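The values are calculated or read from the model by the stated rules, or taken from the named source; none is laboratory data. These figures come from a predicted structure and were not determined experimentally. Positions of Cβ are generated from backbone atoms using ideal geometry, with glycine treated the same way; all protein chains shown enter the neighbour counts.
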């Protein structure tokens with residue numbers, strides 16, 4: 001079930017890049033982030049009040065959640081969309097594959113995970129498959145894309161830190177409590193930025209397909225994706241959750257024939273096999289690393305919302 005959740009997360013994140021292309025001509029990256037964060041905060045707040053009703057009162061935990069909101073919501077989303085706007089899709093796809101490396105490195109430095117040859121080997125093998133699929137020969141390294149590349153790289157580091165640091169909160173609270181507080185704090189922080197970005201946007205003049213795309217981004221690429229991600233984090237290592245990012249280019253290549261009429265290539269098939277092999281190796285290493293699966297806050301199994309995952 002954990003692996004299915006992580007596959008779904010990557011599908012929702014992979015589709016974000018495509019759907020955003022219909023929205024960005026009408027609404028700026030900061031404006032999209034405002035709708036993502038405030039929309040998700042409202043949704044999570046409502047669901048949490050109905051099914052969990054757990055409160056965080058410890059000041060240190062609240063400060064930690066504010067930090068997670070900055071790393072995993074505000075900075076992560078702003079850096080990604082601003083980076084996508086300033087660099088190429090190829091560059092973005094290659095840079096996104098650095099998430100697992102950042103995540104594992106941060107987890108090792110903080111002593112949150114143990115390094116094993118199988119885990120490191122799985123990450124390297126899957127990375128090779130992803131980079132081979134995308135084609136490193138097609139990456140553009142010139143002054144016009146350098147700033148965008150830097151923003152996407154900062155985005156991957158920020159998300160990796162969010163995945164690692166979220167684990168401790170999940171040992172104390174229900175996953176829905178954690179993600180709700182993260183988005184509520186994120187909405188408070190992002191509102192001034194979003195309102196400035198939207199001051200010249202006439203929502204009544206925004207095309208219907210852009211509004212539909214925006215709704216998809218809020219519901220699927222934010223609410224569903226972030227909840228499933230935080231739920232998966234409670235049941236397995238942060239580096240393994242991060243590794244599933246390698247599925248994004250595979251999903252794009254598989255979807256292309258259906259959506260764009262493109263032809264599947266042998267290169268895509270080979271890359272997919274290498275990526276899945278790397279994921280399987282890392283998952284096997286995680287299962288044999290001495291962790292107790294399903295650990296975390298005992299309240300995680302309570303309430304109807306947990307059954308959604």
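Details
- Single condition residue 36 does not satisfy, out of (1) at pLDDT 90 or above; (2) outside any helix (DSSP H, G or I): (2)
- Selection status of residue 73, part of a helix (DSSP H, G or I) and at pLDDT 90 or above: yes
- When region 84-110 is limited to residues that are part of a helix (DSSP H, G or I) and more than 28 Å from residue 236 (Cβ to Cβ), the one that is farthest from the chain's Cα centre (by Cα) turns out to be 86.
- From 149, 155, residue being at pLDDT 90 or above and surrounded by 21 or more Cβ atoms within 10 Å (Cβ to Cβ): 155
- Top-ranked residue in region 110-137 [being modelled with pLDDT under 75 and over 19 Å from residue 251 (Cα atoms); ranked as surrounded by the fewest Cβ atoms within 10 Å (Cβ to Cβ)]: 137
- Condition check for residue 60: farther than 19 Å from residue 163 by Cβ and modelled with pLDDT of 80 or more: yes
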